[in-house]
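What follows is calculated from the coordinates using simple rules that are stated; it is not laboratory data. Note that the coordinates shown come from a computational prediction; the quantities given were computed from them, not determined experimentally. Cβ: placed from backbone, ideal geometry, glycine included. Neighbour counts: every protein chain shown.
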Amino acid sequence: MSIQQKSEPLVRMEHIAKVFHPDEVNEVALFQDFNLTIREGSFVSVVGSNGSGKTTILNLLCGSIPVDSGKIFVRDREITKLSEYAHSRFIGRVFQDPAKGTCPQLTILENMALADQKGKPYGLAHGVNRKRVDAYRGQLELLKLGLEDKLEVTVGSLSGGQRQALALLIATMTPIDLLILDEHTAALDPRSSETVMELTKRVVKEKHLTALMVTHNLRFAVRYGDRLLMMHRGKIVLDHEGAQKSALEVRDLTDRFNEISIEDGN
Amino acid sequence: MKKNLLKKVSAFVMAAFLATAATGCGSSSSSTGASSSAASGKKTIGVIQFATHPSLDNCYEGFKDGLAEGGFKEGENLTIDFQNAQGETANADMIAKSLAAKNYDMIGAIATPAALSAYGATKNAGTPVVFTAVNDPVGAQLVNSLDNPGTSCTGSSDVLPLEAQVKMIRAFLPNAKKIGVLYTTSEPNSISMLEKFKGVAANEGFEVVEQGVTNSSEVASGATALAAKGVDCFNNFTDNNVVNNLSSELQAAKKAGIPVFGSEVEQVKNGCLASQSIDYVALGKQTGLMAAKILKGEAKASDLPVYTVEDATPVYNETVLQEMGLSLPSEYQTAEKVTSAK
Amino acid sequence: MDVFFNLILAILEEGFIYGIMAVGVYITYRVLDFPDLSVDGTFPMGACLTAVLISHGMNPWLACLCAFFAGTIAGGVTGFLHVKLHITDLLSGILVMTALWSVNLATIMGGKATITIFNSNTIFNSGLAMLLPNAAAQFRVVILAAAVCLLIKYLTDAYLRTRSGLLLRAAGDNAQYVISLGKDPGSMKILGLMIGNGCTALSGSILAQQAGSANVASGTGMVVMALASVIIGTTVFRKAKFMRATSAVVCGAILYKACLAGAMQMGLDTNYLKLLMAVIFTIALVGNQITLGRRKKQHVDPTKI
């Protein structure tokens, strides 16, 4: 595999084991000795069938579920035992559900003001810093959705696509080490999905982020990112980077899916 | 901004109340007549009775009798706005404030919680408050002293004849060792009575076992628990909650085969074995007479000494006596006899 | 009409005092979406603690502060039970309410069920209150009660505009968002409960001073009173853009008291008082649903009131 640039490994998952529903009828030993390294600046797409473990990788990285054994490192700092909110300090996440990424009863301005404070203490200073409003407006203009004129509108009244774009912005507003995109266009209509994906590409590029995207949409997986992983039953069955990844087409992926299914005896 | 808010609020409430005031003023002409009563000789008073049970009911009957004897007959030259607080302090507070707003000539209060609410609501206005069935008016800060109230309150106090009661229990049950007391933890009278009772009971060689309950639903289980502690009998104070739920207490005692000594004749009629009973009707009547004096302007509440009842009448229930297989002690041969209603 | 005037005065007095509690319950119930039953215990705790302290000669304003802090501790316990021990919100409140009965009776009151403070210095008959001219004596209570209520209201409004307050609102709106910000939503919940119960205890403290006595049983039904005030306030004043939610709930408390007092003036038998409270509350709840239409929250839980 030819590597375009040599960069530091940002995220390392080493010897991860994870069993779901241990000692029960539906016990699933998903990961037994799972390893994954993501280099800085990489934009990784992950595809796979249901139960393949792609979402579990995200959850383990974000700390929303614990590992059974193994270690996870971000920039050489072990984060395996940290709580979910401690993870969030350097990992941004955009969820599939547009409702999860923003506060519906607060205005866009308030949402952004809160996100702006991430990593700094939330004391008794004024919640919305008026001096930063222009900065917020500038950021919203990048989205090209007209949200910069709607600062005082409550987020709950925005459409799913708008909310998701805002969620993306909020997740990347303050410096983060890793951006996790958890099927973030799955709940949107096709047009909004396109808009949000283009936005994602732009934001990742402009902010030089390392990103990990799980998606069901094979077209997106092929089109976006510089590395593609295909998961099946807790194992990586495809891993293409750089030029090899650019050469991939959707048909290659579906062919591989079929191969696996036949191997499985489906 | 604060004035603005107040204005808006007052405006809203005023608007909402125009209708109420119209109907209210129209229907109860007697309440508006209160301010002009001095000239006509007609008086309007409010009465708060804390709870419905026989002792307090008797008080109220006596109160009206006393007022009548003092020259104020209900319906003729006296209107009474009677309210019952259903045994809840919050209700008593609300009623007191409502009565206080009507500027009556006097407020009557039956039982300590009602008296506290009444006094609290009328303290600033100075409306005379006449209380009855209050155990410890000085402790409750209703008056400065029994002889010289010094406040806008006066009335009558029903301190229980504890020594006589204990002697009676000893006479009926010569071999008894433990007296059980069921009381409500949120009633101050009961708690102060309990302390005094322990001392008095020890003089006759009794040990007092107590069981506290917090509300009416706990009376039955509390009584059962108390009976299980091996007491030889129960003894009641003027605990509003317990007396209100007398039947539950009696049932539990009956199951354990032990008698209940009441604090008043009505309780004995309802199934208690015996009691050194304060005549609540007489107590109420004395209070009514005092109230009449104040209404006539012959005396002020701050100068009228608090009337404390002196005598207790022993009373026993013949039916219960026979059911329990006990015999009537010689010293009570002439005691008042009642039988249970069939 | 003299009677009418007295009545309005009494309603405003009580409305402002209970309004303090309404602001507290607004924070826990509306902002944090936490139905806090512990107010049935913190309200009398404030009342009893104040009565005990005042009868021992403490400065009444200081006693108020002590009551507030006692309330915050109780609220903190409720929060701890819910956040750290993962007990449900309803049960956490019930546990604290039940425990406080004993704490109030045995520890604070020393076994006495009622303490009267007719002869002690309260905020209404000493200190600041005496600055008012004698002519305004009958307005002393309503002015002071309104002053304290509005102070609490403004402090709360100011707080909700700070960064911490904004985070609190976010915690009640979307806990996941707070997690994404790297903060623990549980801590915000505990903080909110502390503030809410502090206000409730303060409300009890002031009521005890106004009534002249404190009783351990005075908290029964307070949660209904508080929730009704919040819901009536936010429903009736929903369209009023000029009014903040905190003002609305204070007005809600005043309105609720007005309804009850009005009913009693019209001759309603006290036996029906509880039924009336239930009816008013139901009307407010139904009115709330009708005017709101579909709730703004994404996931409507049919078990939530």
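Taking other Cβ atoms within 10 Å as a rough exposure proxy, C:Ile8, C:Ile152 sort from fewest to most as C:Ile8, C:Ile152.
Give the calculated FRET efficiency between C:Met58 and A:Glu198 to the nearest 0.05, with a Förster radius of 60 Å applied to their Cβ-Cβ distance.
0.35
Using only the alpha-carbon atoms, how far is helix B:162-172 inclined from the longest principal axis of chain B? Give it as 0 to 90 degrees, nearest 10. Taking the Cα atoms of chain B, the angle to B:162-172 is about 30 degrees.
Using a Förster distance of 45 angstrom, determine the FRET efficiency expected from the C-beta separation of B:Lys255 and C:Leu131, and round it to 0.05.
Numbers: r = 63 Å, r/R0 = 1.41.
Rounded to the nearest 0.05, the efficiency is 0.10.
Within the set of other residues whose C-beta is less than 10 Å from the C-beta of A:Leu106, count the net charge using Lys and Arg as +1 and Asp and Glu as -1. Don't skip to the answer; put the middle values down first.
Details: positive: C:Arg169; negative: A:Glu110, C:Asp173.
Overall, the nearby charge balance is -1.
Karplus-based coupling profile of the stretch B:266-271, in residue order and whole Hz: 4, 5, 5, 4, 8, x, with θ = phi - 60° in 6.51 cos²θ - 1.76 cosθ + 1.60 and x standing for Gly or Pro. From the Cα gyration tensor of the protein assembly as shown, with a ≥ b ≥ c the square roots of its eigenvalues, which class applies: rounded if a/c is under 1.5, or else prolate if a/b is larger than b/c, or else oblate? Here the protein assembly as shown falls in the prolate category.
Here, chain A is characterised by an Rg to Rh ratio of 0.98, where Rg is the alpha-carbon radius of gyration and Rh the Kirkwood radius. If you take the Cα centroid of the stretch A:76-102 and the Cα centroid of the stretch C:25-70, the two points sit 38 Å apart.
Over the stretch C:71-135, consider all pairs of different Cα atoms and compute the Kirkwood hydrodynamic radius from their mean reciprocal separation; express it in Å, one decimal. Intermediate values should be presented prior to the final figure.
Numbers: mean 1/r = 0.0675 Å⁻¹.
After inverting the pairwise mean of 1/r, the radius is 14.8 Å.
The loop-placed GluC sites (Glu not before Pro) in the stretch B:253-342, going by DSSP, that have at most 12 neighbouring Cβ atoms within 10 Å of their Cβ come out as B:Glu298, B:Glu310. Of the GluC sites (Glu not before Pro) found in the stretch A:18-108, those in coil by DSSP whose Cβ has at most 15 other Cβ atoms within 10 Å are A:Glu24, A:Glu27.
Residue-wise HN-Hα couplings along the stretch B:246-257, as the Karplus relation 6.51 cos²θ - 1.76 cosθ + 1.60 with θ = phi - 60° gives them from phi, are 4, 4, 4, 5, 5, 4, 4, 5, 4, 4, 7, x Hz; Gly and Pro carry x.
If you take the C-alpha gyration tensor of the stretch A:99-138, multiply each eigenvalue by 5 and take the square root, what semi-axes do you get, largest first, in whole Å?
After diagonalising the Cα gyration tensor, the semi-axes are 16, 14, 9 Å.
Please name whichever of B:Pro259, B:Thr334, B:Ala140 sits farthest to the positive end of the charge dipole of chain B, dipole taken about the Cα centre and charges placed at Cβ: Lys and Arg +1, Asp and Glu -1. Toward the positive end, the furthest listed residue is B:Ala140. Projecting label points 7 angstrom from Cα along Cα→Cβ for B:Ala125 and B:Ala202 puts them 4.7 nm apart. Taking A:Tyr122, A:Tyr224, A:Tyr85 in turn, the Gaussian network model of chain A (Cα-Cα springs below 10 Å) assigns the largest fluctuation to A:Tyr122.
Give me log10 I(q)/I(0) at q = 0.07, 0.08, 0.14 Å⁻¹ for chain B, Debye formula, one equal scatterer per alpha-carbon, no solvent. The Cα Debye sum returns log10 ratios of -0.34, -0.43, -1.07. Remark: relative contact order (chain B) = 19 percent; criterion is Cα-Cα distance under 8 angstrom and separation of 6 or more residues. Using a cut-off of under 16 Å, list every residue of the stretch C:26-60 whose amide N is near the label point 7 Å from the Cα of C:Ile73 along the Cα-to-beta-carbon line. Label zone hits: C:41-54. Between C:Pro185, C:Gly212, C:Cys149, the Cα set farthest toward the positive side of the dipole of the stretch C:2-300 (charges on each charged residue's Cβ, about the Cα centre) is that of C:Pro185. Taking label points 7 Å from Cα along the Cα-to-Cβ direction, C:Arg238 and B:Asp65 give a separation of 5.9 nm. For chain C, the longest principal axis of the C-alpha atoms and the axis of helix C:222-236 are separated by about 70°.
For the protein assembly as shown, what does the helix formula give at 222 nm: sum of -39500 (n - 2.57) over DSSP H segments with n ≥ 4, over the residue count, nearest 500 deg cm²/dmol? Intermediate values should be presented prior to the final figure.
Details: 34 runs with 445 residues, N = 913.
After summing the helix terms and dividing by residue count, I get -15500 deg cm²/dmol.
For a straight C-alpha distance cut-off of 17 angstrom, the lysines reachable from B:Lys178 (same-chain residues fewer than eight places away being disregarded) are B:Lys167, B:Lys196, B:Lys198, B:Lys229, B:Lys254.
Note on B:Lys300: lysines with a C-alpha under 26 Å away, same-chain residues under 8 apart excluded, are B:Lys42, B:Lys43, B:Lys64, B:Lys73, B:Lys97, B:Lys102, B:Lys123, B:Lys285. The DSSP beta bridges internal to chain B are antiparallel in roughly 10% of cases. Calculate I(q)/I(0) for the stretch C:2-300 by the Debye formula, one identical point scatterer on each C-alpha and no solvent, and give its log10 at q = 0.09, 0.11, 0.16 Å⁻¹ to two decimals. Values, matching the q order: -0.43, -0.65, -1.36.
Loop-resident trypsin sites (Lys or Arg not before Pro) (DSSP state other than H, G, I, E or B) in the stretch C:132-206 with no more than 12 further Cβ atoms inside 10 Å of their Cβ are absent. Going by neighbour counts of Cβ atoms within 10 Å, the residues A:Glu141, A:Glu263 line up, fewest first, as A:Glu263, A:Glu141. Taking amide H as placed 1.01 Å from N in the peptide plane, B:Ser156 has its amide H under 5 Å from the amide H of B:Phe131, B:Thr132, B:Ala133, B:Val134, B:Tyr307, each at least 5 places away in sequence or on another chain. A Förster distance of 45 Å, applied to the separation of the beta-carbon atoms of B:Ser145 and B:Lys178, puts the FRET efficiency at 0.75. Mean-square fluctuations from a GNM of chain B, with a 10 angstrom spring cutoff on Cα atoms, peak among B:Ser330, B:Ser277, B:Ser55 at B:Ser330. Give the residues of the stretch B:292-313 whose amide nitrogen is closer than 13 Å to a point set 7 Å from the Cα of B:Asn77 in the direction of its Cβ. Only B:292-298 pass the distance filter. Which whole-number percentage describes the relative contact order of the stretch C:2-300, with Cα contacts under 8 Å and a sequence gap of 6 or more? The normalised contact order for the stretch C:2-300 reaches 35 percent.
Amide H to amide H, with H built 1.01 Å from N, B:Ser277 comes under 5 Å of B:Thr313, B:Val315, counting only residues 5 or more places away or on other chains.
Computed on chain A, with alpha-carbon pairs under 8 angstrom and 6+ residues apart, the relative contact order is 26 percent. Please figure out what share of the DSSP beta bridges in the protein assembly as shown is antiparallel and state it in percent, rounded to the nearest 5. Roughly 35 percent of the beta bridges in the protein assembly as shown run antiparallel, per DSSP. In this simple spin-label model, placing a label point 7 Å from the Cα along the Cα-to-Cβ direction at both A:Lys235 and B:Lys229 gives a separation of 7.3 nm.
For the stretch C:1-131, the square roots a ≥ b ≥ c of the C-alpha gyration tensor eigenvalues yield an a/c of 1.5 or more together with a/b not exceeding b/c, which makes the shape oblate. For chain C, with a Gaussian network of springs between Cα atoms less than 10 Å apart, report the residue from C:Asn119, C:Asn288, C:Asn215 with the top mean-square fluctuation. The residue with the greatest mean-square fluctuation here is C:Asn119.
Our coupling estimate for the stretch A:43-57, obtained by passing each phi through the Karplus curve with A = 6.51, B = -1.76, C = 1.60 and θ = phi - 60°, is 10, 9, 9, 10, 10, x, 6, 5, x, 7, x, 5, 6, 5, 4 Hz, Gly and Pro reported as x. Counting only Cα atoms, the stretch C:100-174 measures 50, 41, 15 Å along its principal axes, largest extent leading. Starting from the Cα-Cα distance between C:Leu9 and C:Leu276, subtract it from 0.36 nm times their residue separation and give me the gain in nm to one decimal. Fully extending the segment from C:Leu9 to C:Leu276 adds 93.9 nm.
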